[in-house]
Amino acid sequence: MLARALIPFGQGTIPRAMGHLATHMMQHLVLMNLVVPLAVLLFRRLFNEAIGRSWPWATAIQVVFLWGWHNPPALGAAMASPVLMVLMHVSLSAAAAWFWASIAAMPREESWRALFALLVTGKLFCLLGALLVFAPNLLFDLGATHYGTAAAMSLDDQQMAGMVMLIACPLSYVAAGIALAGRWFFSLEQDERTHG
């Protein structure tokens, strides 16, 4: 089944709203794990320590929004309504902006907290991806109401959406974690030289 998911979508089906579940997931990942972190990186000098101290709330809100928007009734409503889909993208992007800003604004000597936040969110994102890949049945039975044909929403599409998450999410979180760990170790080394 998963091998068939690698075949291009859209053969004879025209989905409503923003498209298939895998395409929808790719849109989220590009916004939350590429566009938003790059924007935060560009404007990181604008963030103060108060944002850095908000990391527990930013982490929790990002996870709640991701899992909340991807429960079957909420996702079904968003896939059927372009307005709700835009609201979903905006709210998830705003939560991601707060999260990444809190990570960027964290003091260097407290980088372990940022690593913890990245670990928590990365694992929970990957858990959602694994759930989509390994579920034996459709979790989001959007059917004909949302796609125009019942065949458009398939287990293959769901598995591909999960694979997109499993491949893309760890890349951004691991890259950020490596950069933060390097910064933290450098800070510890400087402190040792100063006080040693």
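The values are calculated or read from the model by the stated rules, or taken from the named source; none is laboratory data. Because the structure is predicted, anything quoted here is derived from the model rather than measured. Cβ sites come from the backbone with ideal geometry, for glycine too, and all protein chains shown count toward neighbours.
Observations
- Tallying residues that are at pLDDT 85 or above and not in a helix (DSSP H, G or I) within the stretch 1-45 yields 1.
- In the stretch 63-117, of all residues being outside any helix (DSSP H, G or I) and not polar (S, T, N, Q), the one that is modelled with the lowest pLDDT corresponds to Pro107.
- For the stretch 89-144, a residue qualifies if it is of a type in the set (Lys, Arg) and over 23 Å from Ile167 (Cα atoms), and the qualifying residues are Arg108, Arg113.
- Test: Ala50 is under 20 Å from Met25 (Cβ atoms), assigned to a helix (DSSP H, G or I) and over 15 Å from the mean Cα position of the chain (by Cα): no
- If you filter the stretch 118-138 down to residues that are of a type outside the set (A, V, I, L, M, F, W, C) and in a helix (DSSP H, G or I), you find that the one that is surrounded by the fewest Cβ atoms within 10 Å (Cβ to Cβ) is Lys123.
- When Pro107 is tested against the conditions (1) surrounded by 14 or more Cβ atoms within 10 Å (Cβ to Cβ); (2) more than 18 Å from Thr23 (Cα to Cα); (3) not β-branched (Val, Ile, Thr), the lone failure is (1).
- Residues (surrounded by 13 or more Cβ atoms within 10 Å (Cβ to Cβ) and either among the β-branched types (Val, Ile, Thr) or without any contact (Cβ under 8 Å) to a residue 12 or more places away in the chain (or both)) located in the stretch 16-52: Gly19, Thr23, Val35, Val36, Val40, Ile51
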